[in-house]
Structures are given as structure tokens and as C-alpha cells.
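**Q** One structure is given below, represented as C-alpha cells, and several questions about it will come after.
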Amino acid sequence: MALSIMKIISLIIISIAFILSVFLVELFWQVCPLSLHNICHQNGDFDIFLDSLNGQSIFYITAAFSTTIAIVLCAFIQKVSITSIFGLHRFNLNSLKIPLVFYFIYLLSLIILMFFNYYPKPSNFEQISGSNNILYFFTIAFIGPVFEELFFRGYIYHQLTKATIKIRVLVISLLFSVIHIPESTIMFILLFFLGIILGGARAASGSTFVPILIHMINNIIFGIWLIFIGM
């Protein structure tokens, strides 16, 4: 019973941390207007700033940082080691083989979808494509994979200890898909299967380092196509 209460408290802390992120970004926008205005070229309009690529990146980085700090605080409350709550365990290189095989099958399916023009473009594709936005690329290629895997395949995976591995992987993959707010059924299915691959990598290796690596590979490829190549 005590553990359940602690988990509820932890989720409340994490939720508050995420909600506060937007206020932290706005505060930073007000306190350091010159630096952010120079980065975003938005003439001091905070709403336009949040809609811009750089604004989205800065908000995401802030949310990732504040949420991660909240999880560390939760680990302290629950008296759990950081290594355990984030799944930062050592892994055998052999555990990379099967997840990578499944990922490259997944990647091949994406290439086929792109070739036949079935891969859905994001609604802000025209804004992103050809923008050469380094901060946006850095966010989706590196910050995103690390934070999302520490949260989904680390913290959430650790919290679902009473569930079987299959249930953990399925539930987290579903949550992973929904959180990304897919704009089409195809995108939802692709995100769900990517979640299954990442969850399988976590289960097979016993470590979040493996899904982080696969997630980075995926987002680097996706980021290069989305920002620098386009369709």
C-alpha cells in the first residue's frame, strides 16, 4: 500500500514538473529576451515563439530536463537507485543483434512507404523541410531519444514491475504512440511498432542503453530526411 502511495506521489511530481515547463520557458523568454529573440526571430511574441521550430525545441528540452529532475526526486522518495529507476544497466553487445534486425526490417518498410509516397508528411513539413534548423535536428536526434527512453523504457518500465514483460512492452508502446499525437492511422501504427521494437530491446538487453541507441539511429535518419532532404 505504501509503495502505491509513493508511486502516486511520484506521478503527481512528474506531472507538475511537466506543466511547469511551459512557465519556465516563458519566464526565460521574458528574462532573456535578446538571446531567445535572436535564436527564434519572433519579435518578442511568445505564442509565435512556441509555434516555431526553435520554440518547440527549447520547450521540449526544458520539459525533458525538468521531468528528468522530477524522476530523480521520485527515485529519492521511493529510495530507489537512479540506475534502477532509469534502467541504466550494463548490457551484452549480443543483445543488440535481434533488436537491430527487427529495426532494419522496420526501416525497410519506411523506405518502401516513402518510395510509393505512402509515408505521411507532418502537418508542418513545409516549415521543417529545408530549414537547416540545427537546434531542431539536435533535439529530435539526440535529446528526444535519450529523454523518451529514460522515461518510457526506463521509469515507466520500472514502475510496471508487477506486469509481465509482454504487457509492459505493449502498454508502453501504446502510450508512446499516443503521446506523439500521430496525425494519421499509418503514423500511429508505425510509432506503435517502433515502440514494440524499443520495448523488446529493453527487455532483451535489460538496459535502456540499447533502445536509446536504436531510437537515436531512427531519429537521425528521420531528421536528415525531414529537415535536410525532404520529399
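The values are calculated or read from the model by the stated rules, or taken from the named source; none is laboratory data. Remember, it's a predicted structure, so these values are computed and weren't measured experimentally. Here Cβ is always computed from backbone atoms with ideal geometry, including for glycine, and neighbour counts include all displayed protein chains.
**Q** Hey, does segment 178-188 have a residue that's within 22 Å of ILE98 (Cα to Cα), assigned by TED's automatic domain parsing to the domain that holds TYR118, in contact (Cβ under 8 Å) with a residue 12 or more places away in the chain and of a type outside the set (Lys, Arg)?
**A** Scanning segment 178-188, I find no residue that is within 22 Å of ILE98 (Cα to Cα), assigned by TED's automatic domain parsing to the domain that holds TYR118, in contact (Cβ under 8 Å) with a residue 12 or more places away in the chain and of a type outside the set (Lys, Arg), so the answer is no.
**Q** So, of the residues in segment 79-99 that are crowded, with 17+ Cβ neighbours inside 10 Å and assigned to a helix (DSSP H, G or I), which turns out to be nearest to the chain's Cα centre (by Cα)?
**A** Checking each candidate, the answer is PHE86.
**Q** Now for a different question. When only residues in segment 157-177 that are farther than 19 Å from HIS89 by Cα and either loosely packed, with under 13 Cβ neighbours inside 10 Å or not hydrophobic (A, V, I, L, M, F, W, C) (or both) count, which is nearest to the chain's Cα centre (by Cα)?
**A** Filtering segment 157-177 for residues that are farther than 19 Å from HIS89 by Cα and either loosely packed, with under 13 Cβ neighbours inside 10 Å or not hydrophobic (A, V, I, L, M, F, W, C) (or both), the one nearest to the chain's Cα centre (by Cα) comes out as SER177.
**Q** Just one of ILE105, ILE61, ILE69, ILE98 is β-branched (Val, Ile, Thr), more than 17 Å from ARG202 (Cβ to Cβ), at pLDDT 80 or above and assigned by TED's automatic domain parsing to the domain that holds PHE137; which is it?
**A** None of the other options fit; the residue is ILE105.
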